[in-house]
Structures are given as C-alpha cells and as structure tokens.
C-alpha cells in the first residue's frame, strides 16, 4: 500500500477523533452550565423566600404559614410538625416560634 494512503487515513482518523472529543467537551460544558444556572435560580428563590419570611412576619408558625400560601410547594408543607421543608431549607420551630433555619443538602 502507498505511504500517502496510510498517512491520509491516519490523519483522517486522528481528525475525526479530535472533533469527537471537542464536540463532547462542548456538550458537557453546556449541560454543566445549565445545571449551574438551575442551582443558582433555586438558591435565589430560597434567599427571596427567607427575606420575605424574616421581613414580613413576626416569625411565628401561623404568620409564616400565611406568607407561604402563595409558594408553589405549599401543598407539600406540613405545618403540624416542628419542621417545615421549603425547597432546600428546613424551618425548625420551637413552641410555634421559628428557632432555626437549616439547609437540607
């Protein structure tokens, strides 16, 4: 076989491998950035919820419940317990008064 043919096929194979790795890298970065943006939006939502709860209530369970009625996860919140889970936050109550806020993960 001719050396030029071997060189051509070797160069073509190498070019295709480099292109495949490049495409994979770009797609991987795009997916990573999408997840980072979603996490940022969730964190921003948690922060806005906390600001609203602290500024607009007297930190009692009944006032917080009233404030959270418009929250999109309200139907999943159990106000009969001393822990209320809101997205990535947990509100911990003691005698129906907010005692502590923890992050879930």
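The values are calculated or read from the model by the stated rules, or taken from the named source; none is laboratory data. What you see is a predicted model; the values in this text were computed from it and never measured. As a convention, Cβ positions derive from the backbone with ideal geometry for all residues, glycine included, and neighbour counts pool all protein chains shown.
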Residues of region 67-99 satisfying the condition of being assigned to a strand (DSSP E or B) and more than 15 Å from residue 46 (Cα to Cα)
83, 92, 93, 94, 97, 98, 99
With the requirement that a residue be surrounded by 14 or more Cβ atoms within 10 Å (Cβ to Cβ) and touching a helix residue (DSSP H, G or I) at 6+ places or on another chain (Cβ under 9 Å), what does region 34-61 give you?
49, 52, 53, 57, 59
Residue ID - surrounded by the most Cβ atoms within 10 Å (Cβ to Cβ), chosen from residues in region 88-101 that are in contact (Cβ under 8 Å) with a residue 24 or more places away in the chain, under 19 Å from the mean Cα position of the chain (by Cα) and within 14 Å of residue 53 (Cα to Cα):
91
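Taking region 87-105 on its own, how many of its residues are out of contact with any strand residue (DSSP E or B) (no Cβ under 9 Å at 6 or more places or on another chain) and modelled with pLDDT of 85 or more?
1
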Tell me whether region 11-32 contains one or more residues that are free of Cβ contacts under 8 Å to residues at least 40 places away in the same chain and surrounded by 11 or more Cβ atoms within 10 Å (Cβ to Cβ).
no
Test: residue in region 37-57 that is assigned to a loop (DSSP other than H, G, I, E, B), closer than 30 Å to residue 96 by Cα and modelled with pLDDT under 85:
yes
For the structure I just gave you, tell me whether residue 66 is surrounded by 10 or more Cβ atoms within 10 Å (Cβ to Cβ) and either touching a strand residue (DSSP E or B) at 6+ places or on another chain (Cβ under 8 Å) or at pLDDT below 85 (or both).
no
